[in-house]
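Report on the following structure.
The values are calculated or read from the model by the stated rules, or taken from the named source; none is laboratory data. For clarity, every value in this text was computed on a predicted model and none was experimentally measured. Positions of Cβ are backbone-derived with ideal geometry, glycine not excepted, and every protein chain shown enters the neighbour counts.
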Amino acid sequence: MMVVFSSLNSRLFLSYVAVILVCLVLVSLGLLVFVQPVWALSATRQLEAAARATLPRLRQIDSPAQLHGLLAQAAEEQGARVLLLDETGTVRFDSDDGEWVAEALELVQHTPVGQAGFQGAFTAPDGGRWVFFGQPAPRSPGGTPQTVMFVAPREHLLAWFAENLLPPLAQAGLIALVLSMLLALLIRTWIAAPLHRVAEAAEAIAHGATGARAPIAGPSEVQALAHSFNTMAGRVEAAHQSQRDLVANVSHELKTPLTSIQGFSQALLDGTAQTPEAAARAARVIHEQSEHMCRMVESLLVLARFDAGQMTMERQAVGLVPLLRTCVDKLMPQAESAQVTLELDVPDRLTVVGDADRLAQVLANLLDNGIAHTHAGGRVTVAARQEKGQVEVAITDSGEGIPAEELPRIFERFYQVDRSRRHNRGVGLGLAITREIVEAHGGTVVAESVVGLGSKFTVRLPACTDEETGPIKKQEEA
Ligand code: ADP
């Protein structure tokens, strides 16, 4: 059963059949209630018609034998049973071979109809229920009143219903069934076909065609599904791509230092670097290159922890002014040797909530970049201020700047502007980490730059409100 009715088509059809059946049953019940009076009348109406066609002829009768003959003839003509009753209700004549003759009938209903006619029901001697239409007949030879009755067995309501109303209802049900089959087919092509195409796209992706997408078609729900599927497929493709890029970048970035380490260690081993100076140089290069690799691997580990959601951040009230001062002090020697003026412009107090060490890493990275990309005689300024619940730190340099087309990509992992002008510093992970840290603090970092004039990196962090410092202090106490 489950397998047979598992397709959308058959389920739709099944639901239609259920609806049709429920409708038919309700309509039948309703009809039964409404047609009951019609049903009660319909039998006596026929009898009345038969009686009215016969009675005028009775008036010319003058002998009982003639009367009986005429009644028998009428019964045959009208296809009805005709009785003649005397004034006590005893049957004097029965067109049905005189079966009930001499029986007394008890008329249970007696409703006058028109002129001198009446109708009703009675219980036959055998116990069956009958209906009748009666009219007075010519008097008997003894002068007593007589009644002619056209009688018919009372049909059961359900039998009457089955005979008269069920066939059209069944026909209607059949037509509805055929229509619902067509409708189910129509809806199948309307809903199931676009759904099927989404499934096909999923299948194609599963088989490696990562560029496959579902067509946006069909009813809006299916369109929404196709749209979500395509978004997801796009993300999966991007994730795949970035994974491939990462492996390519890591291998590429490791290759150069490893080649130099290999070369210089070889020189030490085979005695090519014989002089103490040459040996010292080889050792220095090996040390520098391994440090460079260490920094890269550390950066990658930090990013991997961010990706895995395992990066734990402290949430403490951090005084930004002392943090900035410490950073500037630390980088002052580097600025001095690059002959770059380093300036700090901050108010007395600025507080944010977060991880002081990570925030220091962000500021040091941006300051370091600023100094590294600024020519001698240039200047790097750090300015901070609070604005509408946000603390804004801007690091501005008068350096070489970043081309507009590269600007949107500088926060990407391993992205470096013009590799040829590299200062042999990082590998393009510094800004990626910076952005991860800032966003983990609920903040943003944006870069603006004009080639030849300089760059400005603005970090915005939510300012620490008094309500926030409360629980954080409590946390510290705990
Ligand atoms: P790296 O660690 O290699 O410096 P980053 O992620 O910090 O990498 O920076 C990415 C790229 O952005 C670098 O290639 C660098 O050229 C460029 N960049 C970053 N800061 C500045 C700046 N202040 N001025 C000019 N270029 C910059």
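Name every residue in segment 390-404 that is out of contact with any Gly (no Cβ under 6 Å at 6 or more places or on another chain) and more than 10 Å from Lys456 (Cβ to Cβ), in order of residue number.
Selection gives Gln390, Val391, Glu392, Val393, Glu400, Ile402, Pro403, Ala404.
Could you tell me which numbered condition His292 fails, if it satisfies all but one of (1) under 30 Å from Val451 (Cβ atoms); (2) modelled with pLDDT of 95 or more?
Here His292 meets the rest and fails (2).
Can you spot a residue in segment 235-253 that is of a type in the set (Ser, Thr, Tyr), loosely packed, with under 14 Cβ neighbours inside 10 Å and farther than 30 Å from Ala199 by Cα?
yes
Would segment 398-408 turn up any residue that is among the acidic types (Asp, Glu), modelled with pLDDT of 95 or more, near the ligand (Cβ under 8 Å from one of its atoms) and crowded, with 17+ Cβ neighbours inside 10 Å?
no
Step by step: first the residues of segment 320-368, then only those that are among the small types (Gly, Ala, Ser) and not in a strand (DSSP E or B), then the one that is surrounded by the fewest Cβ atoms within 10 Å (Cβ to Cβ). Which residue is that?
Ser337
Sort out which residues of segment 110-122 are loosely packed, with under 13 Cβ neighbours inside 10 Å and either modelled with pLDDT of 80 or more or part of a loop (DSSP other than H, G, I, E, B) (or both), and write them in order of number.
His110, Gly114, Gln115, Ala116
Here are some conditions: (1) free of Cβ contacts under 8 Å to residues at least 12 places away in the same chain; (2) in contact with a helix residue (DSSP H, G or I) (Cβ under 9 Å, 6 or more places away or on another chain); (3) within 27 Å of Gln390 (Cα to Cα). Asp329 meets all but one. Which one does it not meet?
(2)
Quick one: count up the residues across segment 347-382 that are within 15 Å of the ligand (Cβ to nearest atom), small (Gly, Ala, Ser) and under 13 Å from Val459 (Cα atoms).
1
For residues that are touching a strand residue (DSSP E or B) at 6+ places or on another chain (Cβ under 6 Å) and in contact (Cβ under 8 Å) with a residue 60 or more places away in the chain, scanning just segment 123-143, find the one that is surrounded by the most Cβ atoms within 10 Å (Cβ to Cβ).
Taking the candidates together, the pick is Phe132.
So Ala376 ticks every box in (1) assigned to a loop (DSSP other than H, G, I, E, B); (2) of a type outside the set (Asp, Glu); (3) crowded, with 20+ Cβ neighbours inside 10 Å but one. Which box is left unticked?
Tallying (1) assigned to a loop (DSSP other than H, G, I, E, B); (2) of a type outside the set (Asp, Glu); (3) crowded, with 20+ Cβ neighbours inside 10 Å, Ala376 fails exactly one: (3).
Among the residues of segment 271-305, how many are surrounded by 12 or more Cβ atoms within 10 Å (Cβ to Cβ), under 41 Å from the mean Cα position of the chain (by Cα) and closer than 13 Å to Leu429 by Cα?
Residues in segment 271-305 being surrounded by 12 or more Cβ atoms within 10 Å (Cβ to Cβ), under 41 Å from the mean Cα position of the chain (by Cα) and closer than 13 Å to Leu429 by Cα: 5 in total.
If you go through segment 198-207 one residue at a time, how many are touching a helix residue (DSSP H, G or I) at 6+ places or on another chain (Cβ under 8 Å) and buried (at least 16 other Cβ atoms within 10 Å of the Cβ)?
3
Being of a type in the set (Gly, Ala, Ser) and out of contact with any Phe, Trp or Tyr (no Cβ under 8 Å at 6 or more places or on another chain) is the requirement here; does Gly319 meet it?
For Gly319, the condition - of a type in the set (Gly, Ala, Ser) and out of contact with any Phe, Trp or Tyr (no Cβ under 8 Å at 6 or more places or on another chain) - is met.
Consider only pairs whose beta carbons are under 6 Å apart and that are at least six residues apart or on different chains; among these, list those whose first residue lies in segment 243-258 and is closer than 16 Å to Val285 by Cβ and whose second residue is modelled with pLDDT of 90 or more.
Pro257/Gln289; Pro257/His292; Pro257/Met293
Got a number for residues in segment 452-462 being surrounded by 15 or more Cβ atoms within 10 Å (Cβ to Cβ) and either outside any strand (DSSP E or B) or away from the ligand (no atom under 11 Å from the Cβ) (or both)?
5
Return yes or no: is Val131 aliphatic (A, V, I, L, M), assigned to a strand (DSSP E or B), at pLDDT 80 or above and farther than 17 Å from Ala40 by Cα?
Here the answer is no, as Val131 does not meet what is asked.
With Arg213, Arg235, Arg244 as the choices, which residue is under 22 Å from Glu412 (Cα atoms), at pLDDT below 95 and under 21 Å from the mean Cα position of the chain (by Cα)?
That would be Arg235, the only listed residue that is under 22 Å from Glu412 (Cα atoms), at pLDDT below 95 and under 21 Å from the mean Cα position of the chain (by Cα).
When you check Phe13 against the structure, is it buried (at least 16 other Cβ atoms within 10 Å of the Cβ) and either touching a residue at least 12 places away in the same chain (Cβ under 8 Å) or under 30 Å from Ala121 (Cβ atoms) (or both), yes or no?
For Phe13, the condition - buried (at least 16 other Cβ atoms within 10 Å of the Cβ) and either touching a residue at least 12 places away in the same chain (Cβ under 8 Å) or under 30 Å from Ala121 (Cβ atoms) (or both) - is met.
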